[in-house]
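Student: Please read through the structure below; I'll follow up with questions.
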């Protein structure tokens, strides 16, 4: 379901019918938990931290954000989320938009929707917001990993066969610092700008709105695009792409999360 650019394996020997070794199996579990921890930390602000959903993002600002993100994504190497120096001006301008007198508020979710499409932009700035984000990111990952270790040991630990024991040991050995995955220290030490993505061909809209955010789906995609009563899985499925831009501007650590949602099969385009 999810594809993220933190850790991809497109090697030809990754066959569906090839047995996965215990270390690889544990790694894939960790990758799954990383992705879900990121989604929870990005979208839980309304439920946890008094963030508001603001459904009237100015259309010119929405187009500007989308086009800037598109330029940054095209400029980025597929091998690294670190943006090239030539992209610094675009990154700085996008991260600095809340600094304008009438700029968007940080922490809140700024939404622009039209039938079948929506975008959500959220800025974070300064140590209070960034430290909280990273703490929550780590907490979500740690909780998922701990629950998985307990569940797998209770379910499979009795077997005592070498593959099972190796898998449980590999789970126990996982020690991921999410701030390191986000290159936080490198960004602050070397003034880097970083853009990473998470993509889902079929995101459950109600999982995003109800479970992660705690809001009415109409607040995100508009009333005409909201699934009706007793919606099918297909009714709830949206293409989803989350962009995470990070950097330091004028000595202040900043983030911008840009989310693109589309009900059709079309992918992200510079079309707003």
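The values are calculated or read from the model by the stated rules, or taken from the named source; none is laboratory data. Since the structure is predicted, the reported quantities are computational estimates derived from the model, not experimental observations. So basically every Cβ, Gly included, is an ideal-geometry build from the backbone, and we count neighbours across all protein chains shown.
Student: Do we find that residue 244 is over 14 Å from residue 120 (Cα atoms) and in contact (Cβ under 8 Å) with a residue 60 or more places away in the chain in this structure?
Tutor: No.
Student: Yes or no: residue 168 crowded, with 18+ Cβ neighbours inside 10 Å and in a helix (DSSP H, G or I)?
Tutor: Yes; evaluated as a whole, the condition is true for this residue.
Student: I'd like to verify a number: residues in the range 89-116 that are at pLDDT 95 or above, assigned to a strand (DSSP E or B) and more than 18 Å from the chain's Cα centre (by Cα), how many?
Tutor: So the count comes out to 2.
Student: Would a scan of the range 7-25 turn up a residue that is more than 30 Å from residue 152 (Cβ to Cβ), touching a helix residue (DSSP H, G or I) at 6+ places or on another chain (Cβ under 7 Å), part of a loop (DSSP other than H, G, I, E, B) and at pLDDT below 95?
Tutor: Looking through the range 7-25, none of the residues is more than 30 Å from residue 152 (Cβ to Cβ), touching a helix residue (DSSP H, G or I) at 6+ places or on another chain (Cβ under 7 Å), part of a loop (DSSP other than H, G, I, E, B) and at pLDDT below 95.
Student: Just to check your reading of the model, which residue among 152, 202 is in a strand (DSSP E or B) and modelled with pLDDT under 95?
Tutor: 202
Student: For the subset of the range 79-91 comprising residues that are touching a residue at least 40 places away in the same chain (Cβ under 8 Å) and over 16 Å from residue 121 (Cα atoms), which member is surrounded by the fewest Cβ atoms within 10 Å (Cβ to Cβ)?
Tutor: 88
Quick grid of which residues meet (1) touching a helix residue (DSSP H, G or I) at 6+ places or on another chain (Cβ under 7 Å); (2) closer than 26 Å to residue 91 by Cβ; (3) surrounded by 15 or more Cβ atoms within 10 Å (Cβ to Cβ); (4) in contact (Cβ under 8 Å) with a residue 12 or more places away in the chain:
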position: 163; (1), (2), (3), (4): yes, no, no, yes
position: 172; (1), (2), (3), (4): yes, no, no, yes
position: 176; (1), (2), (3), (4): yes, yes, yes, yes
position: 211; (1), (2), (3), (4): no, no, no, no
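Student: What tally of residues in the range 28-67 results from selecting those that are part of a helix (DSSP H, G or I), touching a helix residue (DSSP H, G or I) at 6+ places or on another chain (Cβ under 9 Å) and surrounded by fewer than 18 Cβ atoms within 10 Å (Cβ to Cβ)?
Tutor: 6
To keep it simple, each residue is scored yes or no on (1) over 15 Å from the mean Cα position of the chain (by Cα); (2) under 30 Å from residue 76 (Cβ atoms).
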| position | (1), (2) |
| --- | --- |
| 175 | yes, yes |
| 192 | yes, yes |
| 202 | no, yes |
| 213 | no, yes |
| 217 | yes, no |
| 220 | yes, yes |
| 236 | yes, no |
| 245 | no, yes |
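Student: For the range 248-270, state whether one or more residues are without any contact (Cβ under 8 Å) to a residue 40 or more places away in the chain, part of a strand (DSSP E or B) and in contact with a strand residue (DSSP E or B) (Cβ under 8 Å, 6 or more places away or on another chain).
Tutor: Checking the range 248-270: not a single residue is without any contact (Cβ under 8 Å) to a residue 40 or more places away in the chain, part of a strand (DSSP E or B) and in contact with a strand residue (DSSP E or B) (Cβ under 8 Å, 6 or more places away or on another chain).
Student: Then there's this: Would you mind finding the one in 181, 177, 254, 234 that is modelled with pLDDT under 95 and closer than 22 Å to residue 48 by Cβ?
Tutor: 181
Student: A follow-up question, please. Mind checking whether some residue in the range 125-134 is surrounded by 17 or more Cβ atoms within 10 Å (Cβ to Cβ) and part of a strand (DSSP E or B)?
Tutor: Looking for residues that are surrounded by 17 or more Cβ atoms within 10 Å (Cβ to Cβ) and part of a strand (DSSP E or B), one finds at least one in the range 125-134, hence yes.
Student: Here is a further query. At positive phi and modelled with pLDDT under 95 - does that describe any residue in the range 157-169?
Tutor: Yes; the residues of the range 157-169 include at least one that is at positive phi and modelled with pLDDT under 95.
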